[in-house]
Every structure is written in structure tokens, then in C-alpha cells.
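Report on the following structure.
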Amino acid sequence: MLLKVETVEEIGRFKTLKHQAPHFGSLTAVFARNGLGKSTLCSIIRSAAEQDARLIAARKRLGATKEPSAHLQWHTHGAVTYSVGKWNSCPGPVHVFDAEFVRRNLHVGESVTRDNKRSLIPIVLGEEGVKLADKISQLDSEQRELATKISAVEKTIKRSCPVVSDIKAFVQKSVPDDINRIIDRARKSLELARNSVAVKLKQAPSPLPTPDIDGICALSAETIETLSARAEAVLQDHIATHAMELQGTRWLKFGLEHMQEDKCPFCTQDTSKVDIVSLFRGYFSEEYSAFLKRIDLAYDLFAETYGSKGEKVADFIAKTSSDLTFWSNVCDLGEIPELSAQDLHAVQHSVQALEVQLAAKKANPLSVITIDNLTEVVHGFEKFNVFQSQLLSCIEIISAARSNIADFDVKRTQEVYDKNDALRLKTLPPLVTEVADWTAYTSRRAEIEIEKKAAQEALRTYTTATIAQKQNLLNSLLESFGTRFQISQTKTNFIGREANVHFCISIGDHHVDVGERQEDKPCFTTVLSAGDKSTLAFSFFLLQVRESASFSDSTIILDDPFSSQDLDRQWETTSQIRALARDACQVIVLSHDPRFLALIEKNSRDQCSSFQLNCTDEGRGTISSWSSADELKDLYVRQAERIREYARCGHFLQGVTAESLIKDLRPFLEDYMRARFPGRFAPLVMLDEMARQVETTGSTDPMYGRVSDLRAINEYSRDNMHGGGSMPNPAALRSQCKKVTSIIGAY
């Protein structure tokens with residue numbers, strides 16, 4: 001229970017507000033004219049109940065030199081204070097009916113928004129429904145957060161791996177153990193596609209012929225047994241005498257083959273009687289010539305293939321290694337063959353040994369030449385044969401690549417390479433973390449989908465079981481207010497992700513969906529009057545309060561709850577207020593209408609305590625004791641004085657302004673009519689209705705001749721009765737005041 005509003009500073013129009021009266025009671029009426037702080041006081045109490053400092057910040061006094069503060073004294077919670085932007089504690093359950101309640105829960109302007117429908121959940125479905133709806137909201141909020149996180153992770157993955165289009169497939173695809181080898185192959189295929197022209201033009205490496213060691217050994221040991229030993233000895237002696245060395249035998253053979261008429265082809269001397277020439281002719285037979293050609297051919301072929309001292313072997317190894325380096329960038333050659341410097345030296349040594357062997361045979365064709373280090377020579381070539389064998393495997397791969405080069409497309413091979421490289425990156429920072437996060441987030445998102453569907457179904461089930469009862473309770477309230485409409489087809493849905501309540505306004509057999517304003521067909525705005533909307537909002541509020549589990553412990557604040565209501569509905573409103581006061585901990589009613597508060601006091605059996613909220617132009621506010629009876633009894637006299645003074649002299653009495661005087665006209669005439677014709681008009685019948693009744697009575701009515709003036713005064717003052725309207729024109733205002741004095745005479 002709220003006992004006092006001890007102090008308020010720098011909030012609304014209050015520079016200061018002080019409580020200068022006894023404690024508030026269980027049923028409290030607070031009278032305040034328009035613009036003097038009722039809405040501000042409601043916002044302060046709502047801010048404390050909701051622990052929402054924004055409600056205070058939004059009402060910080062214009063021109064304030066200090067920060068807002070407030071001190072509310074509660075029966076059970078003691079001092080609840082607001083300072084430095086926050087409340088020190090919460091006062092307990094508080095329900096506030098004001099313009100903010102209507103804006104949140106029923107309509108904004110002329111439309112029932114989705115937020116309004118969402119806010120109706122606690123009103124229509126109660127606390128259990130709120131729990132179910134909150135569960136959906138929490139899951140939905142988590143779902144949105146996960147969607148944001150997943151989107152951020154996916155952007156990071158795509159920035160690192162632009163080739164990835166299907167994130168799910170990318171994350172779920174396993175990384176092969178030999179991914180580096182796969183990437184290397186893909187890279188080489190890409191290089192092959194990029195360098196297709198160069199590949200077509202470049203020749204593949206070819207192996208170096210391997211020497212026929214057995215054939216060389218056999219040739220070196222071969223001789224011709226039929227040749228004269230004396231001729232051989234003379235031949236060798238002649239070669240040695242003339243230093244003819246390696247080519248001596250072939251030189252002499254050439255000379256004999258080209259002799260004409262026994263003359264030396266070199267010096268033209270006659271050789272017919274030279275004995276050595278006859279010996280040579282017998283020596284160089286056809287068999288010998290053929291044998292010599294075989295030796296020369298073997299020697300020349302070996303020298304051409306391997307060069308002097310095996311130099312061509314080194315050249316071959318160097319060129320082949322260079323070629324394989326090129327081809328290894330475009331083909332998957334596997335292990336590239338290598339020949340170490342030591343092995344190359346061994347090969348060259350073996351080549352030199354065979355070279356010496358063939359040279360010796362060439363110099364001495366008929367001599368039997370043997371290789372002393374044959375085993376070493378053979379071993380040297382074994383290393384070379386291994387190199388050659390590996391080279392042949394590479395050549396096969398190169399040939400296949402060259403023949404298939406037309407099948408390689410740069411764009412496609414680039415994509416294959418990028419996708420495989422992306423898989424590799426997936427196992428490394430930072431992507432390994434992003435992939436793990438994506439997996440966790442999507443897994444949780446799938447769980448939320450299941451949980452959310454279950455929660456929605458639970459809310460639907462609960463709604464089905466309870467909505468009819470709540471709808472009937474609401475319609476009973478509307479019926480008690482005498483409305484011609486009811487609520488129907490109430491249900492929950494999930495339009496806009498979160499749970500919300502949808503209902504129809506039913507008038508007879510017609511059902512109008514509540515929602516946004518429609519320009520071309522009936523809608524919430526057009527089928528309900530201002531009084532209907534006010535009554536509907538108050539009925540929703542009553543339903544919420546009475547269905548609250550903390551109802552008996554609640555403080556209920558009502559700010560002008562009868563807006564735009566006729567007499568019958570005002571009576572029902574006061575009845576509902578008194579009923580609330582009987583069952584709740586406390587009800588505080590704030591109103592600008594002393595008559596309405598008097599109705600509450602009249603039937604409350606002296607249980608109602610009354611106060612007045614006031615504020616000066618300087619912002620000094622007070623809460624003081626007040627009596628509706630005194631206010632209403634004195635009011636007629638005070639209003640008469642103010643109106644007569646302005647009508648007669650055109651001057652305002654002290655404290656009177658044009659804005660306050662125009663608000664006096666209609667209430668004053670209404671009191672005049674009731675006082676002159678006791679019992680004729682009910683307490684809350686307004687001037688327009690009084691004029692209609694006079695007109696209906698006809699010319700026999702004493703006021704019949706004043707009907708047009710009554711209506712003119714009513715129309716003139718209507719816009720200014722609730723704080724609206726423009727600044728009154730002094731001449732027009734004085735004219736209306738003169739009409740009033742003319743009507744009342746000396747009464």
C-alpha cells in the first residue's frame with residue numbers, strides 16, 4: 001500500500017512536490033485539474049513498479065538544474081526512492097491504468113498493433129499463459145541471436161574461402177588424411193591447365209641409352225685367327241715406328257684401299273717391290289675390314305653417347321633434372337629420380353673404363369682385351385639403371401598428361417584446387433574455431449526449433465482450454481458497462497515470430513478483426529466510439545487485475561478511468577472501483593472531475609480518503625486533504641463570480657485566466673440547471689443532453705427560449721474542457737459569458 005508521495009523533484013511540471021496530508025487509504029481519491037500532474041504521478045509509480053528509469057528520464061522537468069528524484073513511502077516496503085537514475089527497491093505488485101496502459105495493450109492511435117496484441121497475453125491468458133509465451137519469446141530471442149552469430153561465422157568462412165558456397169556441406173565434409181597430397185595434385189593440374197601451350201611445345205625427357213657391357217666385353221675379346229702373325233707384328237712395328245698410334249691401322253688400311261697402279265695414294269711412290277705392302281694386303285682382308293668397322297662403330301657410338309670421360313652423362317643428368325623440375329609443377333610425378341654426385345662419379349668412372357677398353361680395342365683390333373675391374377663397372381651402372389627406370393615412369397606420366405591436356409579447364413581446375421585448399425584451411429586457425437562454432441550454433445538452432453514448436457503447441461493447448469472462460473469474463477464486464485459489442489474469436493497466433501492475441505469486435509452477427517486502420521472497410525477505429533474504446537481498455541484492465549495471482553496484495557492506480565463515458569458507464573465504473581477496493585490492497589483514483597470522485601465517495605461508506613494534487617506556475621506541487629462536497633458546494637458560487645466579473649467588466653478575478661474561465665462555462669450551467677430544476681436532471685447529465693430534453697418538452701418549458709444559447713455555449717467550450725483547444729479570443733469569451741449571465745439572471 002502506498003502511504004505517501006513524500007517528495008518529488010524535477011519530474012514533469014514539478015520542481016518540487018510534497019505530501020502535506022495524512023496517509024493514503026485503501027480507497028483513495030485524488031482530485032487534480034488538467035495539466036497539474038496526474039499523469040506524472042502515475043508515471044512515477046509505474047516506474048517504481050516496473051523498475052524502469054526511462055519513464056522518469058522521459059519526464060525530466062524542462063529547465064531542471066538537478067537530476068530527478070522521488071521518495072515514495074509504502075506500508076510494507078518502506079521508503080522506495082529514485083536517485084541517480086535508479087530505484088533502490090521495488091514496491092511490490094502495482095497495476096496502473098492510464099494512457100500508457102491503453103497504448104501498450106489495446107491500441108496506438110487508431111490501430112491495434114502487433115505489439116498491442118502481444119501485450120494482451122498476460123491480460124487474456126493470465127500468468128500461466130505468460131510463462132508459456134515467455135518461453136517462446138526466450139527461444140525466439142535465442143534463435144535470433146544464433147542467426148546473427150551463424151551469419152557472422154559464415155561471412156568469416158566465406159571471406160577466408162570464397163569458393164565455399166554451401167557452408168553446411170563444407171563444414172560436414174571430412175578432411176582426407178592425405179589432403180596435402182590432394183592439394184598438390186590439384187595445384188599441378190591447375191598449372192598444367194594454365195601452361196597448356198608451353199606443355200604442348202615442350203618435349204618430354206628421354207632416357208640415355210644404357211651401354212651393352214656384355215657386348216663390349218665380347219667385342220674386346222674377339223680376334224681373327226687366320227691372319228698372319230708376321231703381318232700383325234710388322235703392322236704393329238710400322239705403326240709404332242711412325243707414331244701412328246690409335247688410327248694407324250685404319251690409316252694403312254685406307255691407303256691400301258685407295259692405291260692405284262701400285263702407287264702410294266699419299267706420296268705416289270711405286271710400291272710394287274715393297275715387301276711390307278704385300279704383307280699388308282694379306283692382312284687387311286674383307287673379314288678384317290668388317291671386324292674393324294664393328295670396332296669403330298662401337299667406339300664411335302659409345303663416344304657419341306657418353307662423351308669424353310662420361311661428360312655427356314653429367315649433361316644428361318643436369319638437363320633431365322631441369323626438365324623434371326618443370327614437369328613436376330604440372331604433373332604428379334611422385335618421387336622425382338635423383339642421382340647423387342657420388343653415384344654420378346661412379347657412373348662416369350664406369351663409362352671411362354669402357355671408353356678405355358674400346359680405345360684399346362680400336363688401337364689393337366686383333367688383341368684380346370679384358371676389363372680388370374668389370375664388377376666395379378657393372379656396379380657403377382646399376383645406380384644409373386635405377387635412375388633410368390624411375391625416369392621412364394615419369395615419362396609415362398608426362399606423356400599421359402600431354403595427351404589429356406585438352407581435358408583441363410583453368411576455371412574448373414582452379415575451383416577444384418580452391419575447394420581442396422579450403423578443406424585444408426578448415427583444420428587450421430582461425431577457421432577451425434569458426435567451423436566448431438558454426439557446428440555448435442546450428443546444432444543448438446535445430447534444438448530450439450523443436451523446443452519452440454513444443455512450446456507453441458503447449459500455448460495453443462493452454463489457450464484452447466482457457467480462452468473461452470477469459471473471453472466470457474471479459475464479455476461479462478462489457479455487458480455490465482452496457483456496451484453493444486462483445487469480444488469473439490479470441491485466439492493466439494505467432495505472426496511476427498512471438499506469441500500474440502488476436503480477437504474480433506462482434507456487433508450482432510458481424511465480426512470485425514482488430515488490427516491496423518482500414519480506409520475502405522469497417523475496422524476497430526470505425527466500429528467503436530471513443531467511449532467504447534475507453535470501456536474496452538478498462539475492461540481488459542479489470543480482467544488482468546482480477547486474474548492476477550497477487551490481486552489481493554496489489555496497489556491499483558487509476559488515472560481518469562471514465563474518459564468519454566456516459567452517465568450509465570460512469571456509474572458502473574465507480575461500482576467496479578469500489579469492488580476493486582474491497583478485494584485489493586489499495587485503489588487510488590486520480591481525476592479532474594470532482595463529480596466523478598464524489599460518486600466514488602458517496603457509496604464507499606466513509607472508506608474513501610480524498611486528496612487534491614496541485615501545482616503552481618513555478619512548479620511547486622502539493623498533495624493536501626480535499627472534500628468533494630466542499631469543492632462542489634463552493635464551486636457554483638466561485639464560478640458565478642468569475643463569469644459575472646468578466647461579462648460585466650472584461651477583467652479576470654485573481655487567479656483566473658482565459659483558459660480556466662472557458663472551462664467554467666459548461667459545468668456552471670449544468671449546476672445551474674440542476675439547482676433550478678431539482679430532480680429533473682441526473683447528477684452526471686451534461687449540458688447538451690439537458691438542452692435536448694428542454695427542446696423535447698417544447699415551448700411550455702421555461703428554458704425553451706434558451707435552447708440555442710445552451711447549445712452554443714456547449715459547442716464553444718467543448719474543445720477546451722480536457723486541456724485541448726486553442727487560446728480563447730477575449731471578445732468571443734466575453735460574449736459567451738454574457739449569454740451565461742443572461743440565462744441565469746440573478747440566480
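Computed from the coordinates by the stated procedures, all read-outs in this text should not be read as laboratory data. Note that the coordinates shown come from a computational prediction; the quantities given were computed from them, not determined experimentally. For neighbour counting, all protein chains shown are included, and Cβ atoms are generated from backbone atoms with ideal geometry for every residue, glycine included.
Values computed for the structure shown
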{"quantity": "Cα gyration tensor category, rounded, prolate or oblate, for the stretch 627-744 with a/c compared to 1.5", "calculated": "prolate"}
{"quantity": "Pairwise label distance in nanometres, Thr696 with Thr375, each label 7 Å out on the Cα-Cβ vector", "calculated": "14.3 nm"}
{"quantity": "Binned Cα-Cα distances of the stretch 573-631, short to long, each 10 Å bin given as a whole percent", "calculated": "21, 50, 23, 6"}
{"quantity": "Share antiparallel - DSSP beta bridges, the chain, percent rounded to 5", "calculated": "60 percent"}
{"quantity": "Rounded if a/c under 1.5, otherwise prolate or oblate - the chain, Cα gyration tensor axes", "calculated": "prolate"}
{"quantity": "Shape of the stretch 40-84, Cα gyration tensor, a/c cut at 1.5", "calculated": "prolate"}
{"quantity": "Net charge dipole size for the chain [Lys, Arg +1 and Asp, Glu -1 on Cβ; Debye, nearest 20]", "calculated": "5100 debye"}
{"quantity": "Rounded to the nearest 20 debye, dipole of the stretch 627-744 from Cβ charges on Lys, Arg, Asp, Glu", "calculated": "320 debye"}
{"quantity": "Net charge over other residues, Cβ less than 12 angstrom from the Cβ of Pro337 (K, R count +1; D, E count -1)", "calculated": "-3"}
{"quantity": "Cα long-axis angle, helix 431-480 against the chain (0 to 90 degrees, to the nearest 10)", "calculated": "20 degrees"}
{"quantity": "Crossing angle, helix 658-676 versus the chain [Cα axis fit, 0-90 degrees, rounded to tens]", "calculated": "50 degrees"}
{"quantity": "Efficiency of FRET between Asp568 and Gln20 - r from beta-carbon atoms, R0 45 angstrom, step 0.05", "calculated": "0.75"}
{"quantity": "Charge context of Ile317, other residues only, Cβ under 10 angstrom, K/R +1, D/E -1", "calculated": "-1"}
{"quantity": "Helix axis angle, 687-697 relative to the chain longest principal axis, alpha carbon, degrees", "calculated": "50 degrees"}
